[in-house]
Each structure stands twice: as structure tokens, then as C-alpha cells.
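Working notes for the structure below.
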Amino acid sequence: MAFTDMLNISIIREGKNRVVAEMPIVPELFQPHGFLHGGATLSLLETAASRGAELNADLGRELPFGTSVQVKHRKPGKRGRLRGVAELVCDTEYAPGARVQQWKVAAYDDAGDIVSEGTLETKIVSFEYFERKNMRRKSRG
């Protein structure tokens, strides 16, 4: 079973520049004080941005990765559904066969209030770039 299946995350809308995902707010995802665990919210947001990265990658020759998350939790979740939105801000090549993307992410409750918001970074690297990086690591280790 995939991690996103365990959290019951589903993609509602998807495109190269914007992805919307949802998940139910259920007691199994609560922290000890009875509110939605921040890690579950982060997983929803990373799922949305990572799906966007996949849509921007040629999966026959590239691999997408989530690399950095900076999110502020603003309001606790207690019930209903949580909607995560990832919007592409920029896509920049930083080396031959490698580029970084910045995504603006936000999670909304059923009332439309922001539960969490921030930025998420993804990288898309060619298989060749990935192999070169791994070979360098192996030679150092």
C-alpha cells in the first residue's frame, strides 16, 4: 500500500503549474491533543507539489524529488477535508540535466481558511545526472 493511500490522499485537479489534492481529516491522523498532525498536512502538500514535478518531468529519462519544505501551520484541523494546493512559482536549470522548482503550497479547510502555507522545492534530474552524482558519492565513501 502506498503512503498516499494510507493517508487517503487523492489528486482532484492536476496540471504542470497547479495541482490540487485532498484528504479527510480523521482521528487516525490526529496528534495527541486531538488535532490534525502537522506531518499529515506536510504530506498532503508534498504530494501535490511532487505530482506537479512529475507532470513537468519526462519520466522516461528524468527523476523528480522533493528536496525542501518550509511551511507554517496557522490553524488546527479537526474535521472535514483538507485541500492542498501547489502552484509552480519558477523552474530553473542549475546544471546540465538538473533543474529546481519552487512551489507555493497552501492547505485549506472546508471553510476555505488557510491551515498551513509555505514553499516546497523539487528537483528534476536526468538519469545521467543522477548516476554522475551517485558515482561521485561512491568514490568519496
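Please specify each residue of segment 77-91 satisfying the condition of being modelled with pLDDT of 95 or more and of a type in the set (Gly, Ala, Ser).
Gly80, Gly84, Ala86, listed by residue number.
Among the numbered criteria (1) closer than 16 Å to Leu120 by Cα; (2) more than 14 Å from the chain's Cα centre (by Cα), which single criterion is violated by Pro32?
Among (1) closer than 16 Å to Leu120 by Cα; (2) more than 14 Å from the chain's Cα centre (by Cα), Pro32 violates only (1).
Report the residue count in segment 51-76 for those that are farther than 30 Å from His33 by Cα and either modelled with pLDDT of 95 or more or in contact with a helix residue (DSSP H, G or I) (Cβ under 7 Å, 6 or more places away or on another chain) (or both).
First, pick out the residues of segment 51-76 that are farther than 30 Å from His33 by Cα: 51-65.
So of that shortlist, the ones also either modelled with pLDDT of 95 or more or in contact with a helix residue (DSSP H, G or I) (Cβ under 7 Å, 6 or more places away or on another chain) (or both) come out as 51-64.
Here the count works out to 14.
The values are calculated or read from the model by the stated rules, or taken from the named source; none is laboratory data. Bear in mind the structure is a predicted one, so any value in this text is a computation, not a measurement. As a convention, Cβ positions derive from the backbone with ideal geometry for all residues, glycine included, and neighbour counts pool all protein chains shown.
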